[in-house]
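Q: I am attaching a structure below and will ask some questions about it afterwards.
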Amino acid sequence: QVNTDPMRSERGFLEVVVPPSIIDARTSTDIVVKEGSPVNLTCEAQGSPRPKIMWKREDGAMIRYNAHWVCNGGEMSTVDGNSLAFPSAARAHVGEYLCIASNGIPPSISKRIVLRVQFAPMIWVQNQLEYAVIGRNVSLHCKTESYPQAIHFWRFSNGTSIQPGLKYRV
């Protein structure tokens, strides 16, 4: 306002902008769940204007959904919104997820959330039957997949444990 005769005044508006910051107390931490359990990762941010949240996998892989409403056969590169929910956790969901908050005011900010899914061991044996020459060594091989990592051991069909490096007569 200018005190002249006549008085002159102008109105102005000041908008204060604030870059986004993630509210840790209202954001998920690393999580381990059992296969088949529901999972809901959440992320909240503050700033002005209000930040938008986007989720993506840290490794760049697609986010896999097992819901009928998702396009592209249940896979998306990003998901918008404060939560990332999986109604039934599976091995395909294991990984590191980034919650990214942005509001057009640099810098955007992200938080890394690790999701691990516990599942029972799966065993693959390439050769169901191994032949050996009497008196010679034989190696038995199998592959397993589980989380947490499985403990491996071998037994004869009668239940006796097989110790690595020892010789047995069969």
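Q: Hey, can you tell me all the residues within segment 101-123 that are closer than 30 Å to P19 by Cβ and surrounded by fewer than 11 Cβ atoms within 10 Å (Cβ to Cβ)?
A: Result: P106, P107, R112.
Q: Then there's this: Those residues that are exposed (fewer than 12 other Cβ atoms within 10 Å of the Cβ), more than 29 Å from S146 (Cβ to Cβ) and at pLDDT 95 or above, I need them from segment 1-41; list them, please.
A: V17, D24, A25
Q: Give the residues of segment 124-139 that are within 30 Å of A90 (Cα to Cα) and either assigned to a strand (DSSP E or B) or open to solvent by less than 100 Å² (accessible area, probe 1.4 Å) (or both), sorted by residue number. If you could, list the steps in order and put the result at the bottom.
A: From segment 124-139, those within 30 Å of A90 (Cα to Cα) are 124-128; that's our starting set.
The answer is W124, V125, N127.
Q: Sticking with this one: If we keep just the residues of segment 43-60 that are open to solvent by less than 50 Å² (accessible area, probe 1.4 Å) and under 18 Å from I113 (Cβ atoms), which is nearest to the chain's Cα centre (by Cα)?
A: Taking segment 43-60 as the starting set, the residues that turn out to be open to solvent by less than 50 Å² (accessible area, probe 1.4 Å) are 43, 45, 47-48, 51, 53, 55, 57.
Narrowing further to those that are under 18 Å from I113 (Cβ atoms): 43, 45, 51, 53, 55, 57.
Values: C43: 14, A45: 20, P51: 22, I53: 16, W55: 10, R57: 7 Å.
Looking at the filtered set, the residue picked out is R57.
Q: Which of the residues that make up segment 54-90 are under 18 Å from V32 (Cβ atoms), at pLDDT below 95 and in contact with an Asp or Glu (Cβ under 9 Å, 6 or more places away or on another chain)?
A: Matches in segment 54-90: S88, A89, A90.
Q: When you check R64 against the structure, is it touching a helix residue (DSSP H, G or I) at 6+ places or on another chain (Cβ under 7 Å), of a type outside the set (F, W, Y) and open to solvent by 40 Å² or more (accessible area, probe 1.4 Å), yes or no? Before you say what the answer is, go through the steps one by one.
A: Details: touching a helix residue (DSSP H, G or I) at 6+ places or on another chain (Cβ under 7 Å): yes; of a type outside the set (F, W, Y): yes; open to solvent by 40 Å² or more (accessible area, probe 1.4 Å): yes.
In short, yes.
The values are calculated or read from the model by the stated rules, or taken from the named source; none is laboratory data. The structure presented is a predicted model; accordingly, all values stated were derived computationally and were not measured. Note that each Cβ is placed from the backbone with ideal geometry, even for glycine, and that neighbours are counted across all protein chains shown. Keep in mind that these areas ignore ligands, DNA and RNA; they rest on the heavy atoms of the full protein, side chains included. Shrake-Rupley method; radii C 1.70, N 1.55, O 1.52, S 1.80 Å.
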